[in-house]
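Take a look at the structure below.
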């Protein structure tokens, strides 16, 4: 059975470092879109499991009280040698049969096999064809194509040829990520050949997200040209708001430098990353169309109306261009 067949919108909300929390995930799932969070948003595996239990309990309660089916939820696992928690976190994943696992920085067949053992799905994020081919060979169920302008660790490819290129050899689920902020954008992703739209930045500006009011306000104030793509923060290229960089004393000279900024030798890699991302705010070029902060329920309702309008406009084109 396809766990995504009863969604209210073909949307997966991306697992955002430090931003995604149980409250955001639960509200997304209650409103018919897939909510996710990074396992590393909890500092320990025990804390990670507590979040999983909280989400499962709240969604079960919602389904009993309303008779409605909640959307599935997912977690992000960093599959890389720098993450010492991979095995322990995966034990939690299998124990609780988490419906969706999103893997980053490595598509490992053992992880895929573990999730498949209980009927779960694995989606993997990629920024180029070579990465997609490796992930496909590892047996993942979906590829998240992270295109130019996406928040967080973005790619550099235009989404139109990117989707077409990957679709030429990959017949499973394709998700498109990058600058998608409203229902019309979701419809456009479907037109380009994606099966699901993958949104991050838009959901930072929800009342449930774990982001400061200053962070959310900066998103509202920023435009597409205010997003800086740099590897100086974490060693991997990512998009940040220019004003946030400048507020932390990071000049153009620094963000143009390919060398990673040293945030303190006293910190281990994970602590340094967390310290950096707490005050250096990531966002995608989709900020250009974000002008408010809404509860998830209201945002999803608005997006559904926009999606419906966009599809109806497309249908009318069939009459215009016979």
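Overview of results
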quantity: Residue check for residue 81: farther than 21 Å from residue 3 by Cα and modelled with pLDDT of 95 or more; calculated: no
quantity: All positions within region 140-163 that are under 27 Å from residue 109 (Cβ atoms) and at pLDDT 95 or above; calculated: 140, 141, 142, 143, 144, 145, 146, 147, 150, 157, 162, 163
quantity: Residue count, region 277-301 (criterion: at pLDDT below 95 and more than 19 Å from the chain's Cα centre (by Cα)); calculated: 1
quantity: Lone qualifier among 64, 95, 56 - being farther than 20 Å from residue 236 by Cβ, surrounded by 14 or more Cβ atoms within 10 Å (Cβ to Cβ) and free of Cβ contacts under 8 Å to residues at least 60 places away in the same chain; calculated: 56
quantity: Selection count where residues are farther than 21 Å from residue 308 by Cβ and in contact with a helix residue (DSSP H, G or I) (Cβ under 7 Å, 6 or more places away or on another chain), scope region 30-53; calculated: 10
quantity: Single residue of 98, 102, 127 found to be touching a helix residue (DSSP H, G or I) at 6+ places or on another chain (Cβ under 8 Å) and under 20 Å from residue 38 (Cβ atoms); calculated: 98
quantity: Residue among 83, 76 that is crowded, with 20+ Cβ neighbours inside 10 Å and on the phi < 0 side of the Ramachandran plot; calculated: 76
quantity: Residue match in region 48-60 (condition: closer than 24 Å to residue 184 by Cα and either in contact with a strand residue (DSSP E or B) (Cβ under 8 Å, 6 or more places away or on another chain) or assigned to a loop (DSSP other than H, G, I, E, B) (or both)); calculated: no
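The values are calculated or read from the model by the stated rules, or taken from the named source; none is laboratory data. No experiment lies behind these values; they were computed from the predicted model shown. Positions of Cβ are generated from backbone atoms using ideal geometry, with glycine treated the same way; all protein chains shown enter the neighbour counts.
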